[in-house]
Amino acid sequence: MKIIFVVVVTIGMIACSDTRESQSPENQQRSVGAVASNRASYTLGLDDVFGWRDHYGDLIGKSKEAAIARFGDGFTEQFPGLLRWSPSARTADRSVDVGMSALDATAKIFLVKVFARDNEGLDPLEILKKAPLFTIETGTYSDSTINFMTATTKDKRNRFQFDVSDSAVTFHAIFFEDPEVAVAIPGGQRR
């Protein structure tokens, strides 16, 4: 029961966490303006982002020590069970969150969230063109007025996260997950 609670809390916090500036109205407007001006310059293809699984997602099922060996010991603990690395050469200049399945020595990594760099984009049409391969969901972040869209692969191992505004849909992050842990969450909640 303790492991399930940690997993539920961790997934909820990771889904709502954000490495970008505070979401005040001024920062939201600045972010939307920057995205709108770069809308046509998407730098990533769907296969590029799936390729990140080799560098980040292969940590699924491994220990905290494996993540430290990969990304360094310069992480912060956002809350128990969630480790965050700021952009660095070891993280390929991306922020990375790692979710642990428990708070003791048996803990294994069950989730890795990789944030897109500010200059990286993925055209959401790439997802929509392959819609039968995904489960697409939308909503509003619980701690703001910003909307989101997620596209989860049918095997539940990969989840793309986009921020949605009136003028743009912006690639935010990808989650690499262990679907077996997600299945153990009461009610199938995957936030």
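Filter region 66-110 for residues that are part of a helix (DSSP H, G or I), of a type in the set (Lys, Arg) and under 23 Å from Pro179 (Cα atoms) and give the result.
Narrowing region 66-110 to residues part of a helix (DSSP H, G or I): 66-71, 89-91.
Cutting the leftovers down to of a type in the set (Lys, Arg) gives us 70, 90.
Across region 66-110, the qualifying residue is only Arg70.
If I go through region 127-159 residue by residue, how many of them are surrounded by 15 or more Cβ atoms within 10 Å (Cβ to Cβ) and closer than 22 Å to Trp52 by Cβ? Steps first, answer last, please.
Quick first cut of region 127-159, residues surrounded by 15 or more Cβ atoms within 10 Å (Cβ to Cβ) only: 127, 134, 141, 144, 146-153, 156-159.
If we keep only those that are closer than 22 Å to Trp52 by Cβ too, we end up with 127, 134, 148-153, 156-159.
The total comes to 12.
Sort out which residues of region 160-190 are surrounded by 20 or more Cβ atoms within 10 Å (Cβ to Cβ), among the aliphatic types (A, V, I, L, M) and either at pLDDT 95 or above or part of a loop (DSSP other than H, G, I, E, B) (or both), and write them in order of number.
Matches in region 160-190: Ala173, Ile174.
Would region 48-56 turn up any residue that is surrounded by fewer than 13 Cβ atoms within 10 Å (Cβ to Cβ), under 29 Å from Leu128 (Cα atoms), in contact with a helix residue (DSSP H, G or I) (Cβ under 7 Å, 6 or more places away or on another chain) and at pLDDT 80 or above?
No.
Out of Ala40, Ala15, Ala34, I need the residue that is of a type in the set (A, V, I, L, M) and either assigned to a loop (DSSP other than H, G, I, E, B) or at pLDDT 95 or above (or both). Which one?
Residue meeting the stated conditions: Ala40.
Restricting attention to region 64-88, which residues are hydrophobic (A, V, I, L, M, F, W, C), loosely packed, with under 15 Cβ neighbours inside 10 Å and without any contact (Cβ under 8 Å) to a residue 40 or more places away in the chain?
Ala69
The values are calculated or read from the model by the stated rules, or taken from the named source; none is laboratory data. Treat the numbers as computed from the prediction; the structure is a model and nothing was measured. As a convention, Cβ positions derive from the backbone with ideal geometry for all residues, glycine included, and neighbour counts pool all protein chains shown.
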